[in-house]
Amino acid sequence: MRTSSGVARRGTPHGPVELFYEDLGDPADAPVLLIMGLGAQLPMWPDGFCGQLVDAGYRVIRFDHRDTGLSAKMHGLRARGSVYRRIGRYLLGRSSPVPYTLVDMTGDVVALLDHLGVARAHVVGASLGGMLAQILAATEPGRVASLGIIMSTTGKPLSAPPAWRVLKLAFDQPARDASTEEKLAFEVRNVEVFNGPNFLPSRGELRQRVQQLADRCNYPPGMLRQFDAVLGTGSLLGYSRAITAPTVVLHGSADPMVRPRNGRAVAAAIPGARFVVVDGMGHDLPRPVWRPILEALTENFSQTPPGG
């Protein structure tokens, strides 16, 4: 499989943003842009998943967001005031002042497409990436041939919160003086909780995955800024309702992070969207769920109007 990588650059009020990307498959094939979630590096789109898209005849583009992976870090930026106040406003669908928002991150995505010379792509977003995908499809409709949204939300007022077992992780962090092994074990447990009990890889596989990602990049401040980007943006309903691209919304029936009813609300907000439940899937992309997801996505790709 042909693989190339590079860096796309964009100027912002806070300085230049450089996005690291990988470009897989034949450049002549229809492009599929994969947008991952909060703090999630590009390998979170598994190689095998991407390889199956390439084998199906698509060019696959995946990348690291700003503040993530091998992309630029926005050092020193921080939101002022209480995060709890921002959370409260977000639960009511309201925005807050933050260093950058999801709209700014969507601008990064547009810069990446421009850098690659991609005029129009099938866009697939997971979690936070699904939020960016909604903004992109609403504000740049000519760039989005079709839209796939996986385990995401509109952030509308009073959306369903994460399950308690997810919220509990925030209050059960390892101590500051915890050993490397203890921190690794904590991250493995996080993945186990997000994935849910169904289709859970072995502890050894999870440990290897967490270690590889940590070796590639370990930058907690970036995750906090991306969380603030979500809070600062507020409800996306205005964007969701403006989407015209053929859309499929996929959500795991056992997602403890973004509850299934939030995915159903995304589909309800986007005109003509189809909602697909992936039975047993949590907030992750383990191998057993690839087939139903890829089948739904490629079927949606085919809904693009002729010449689109």
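For segment 212-238, name all the residues that are part of a loop (DSSP other than H, G, I, E, B) and either over 20 Å from the mean Cα position of the chain (by Cα) or small (Gly, Ala, Ser) (or both).
Passing the criteria: Gly234, Ser235.
Could you pull out the residue among Arg189, Arg209 that is in contact with a Leu (Cβ under 9 Å, 6 or more places away or on another chain), in a helix (DSSP H, G or I) and within 30 Å of Arg264 (Cβ to Cβ)?
Just one listed residue meets the conditions, Arg189.
Just to be sure I understand, how many residues within segment 264-301 are farther than 20 Å from Met44 by Cα and either open to solvent by 80 Å² or more (accessible area, probe 1.4 Å) or in contact with a Ser or Thr (Cβ under 8 Å, 6 or more places away or on another chain) (or both)?
Summing the residues that are farther than 20 Å from Met44 by Cα and either open to solvent by 80 Å² or more (accessible area, probe 1.4 Å) or in contact with a Ser or Thr (Cβ under 8 Å, 6 or more places away or on another chain) (or both) in segment 264-301 gives 16.
Do we find that Asp55 is crowded, with 18+ Cβ neighbours inside 10 Å, of a type in the set (D, E, K, R) and modelled with pLDDT of 95 or more in this structure?
no
Checking Ser152 against (1) surrounded by fewer than 24 Cβ atoms within 10 Å (Cβ to Cβ); (2) part of a loop (DSSP other than H, G, I, E, B): exactly one of these is not met. Which one?
So Ser152 meets the others, but not (1).
So, in segment 58-101, how many residues would count as being under 28 Å from Leu34 (Cβ atoms), out of contact with any strand residue (DSSP E or B) (no Cβ under 6 Å at 6 or more places or on another chain), open to solvent by 50 Å² or more (accessible area, probe 1.4 Å) and among the aliphatic types (A, V, I, L, M)?
0
For Ala265, state whether it is in contact with a Lys or Arg (Cβ under 7 Å, 6 or more places away or on another chain), at pLDDT 95 or above and more than 16 Å from Val144 (Cβ to Cβ).
yes
Under 8 Å by Cβ, and 6 or more places apart or on different chains, what pairs join a residue from segment 169-190 that is touching a residue at least 24 places away in the same chain (Cβ under 8 Å) with one that is polar (S, T, N, Q)?
Leu169/Asn190; Leu184/Gln211
The values are calculated or read from the model by the stated rules, or taken from the named source; none is laboratory data. Just so it is clear, the structure is predicted and the values come from calculations on it, not from any experiment. Glycine gets a Cβ as well: all are built from the backbone with ideal geometry, and neighbour counts include every protein chain shown. For the accessible areas, the whole protein counts, side chains as well, though only heavy atoms, and no ligand, DNA or RNA atoms are used. Shrake-Rupley method; radii C 1.70, N 1.55, O 1.52, S 1.80 Å.
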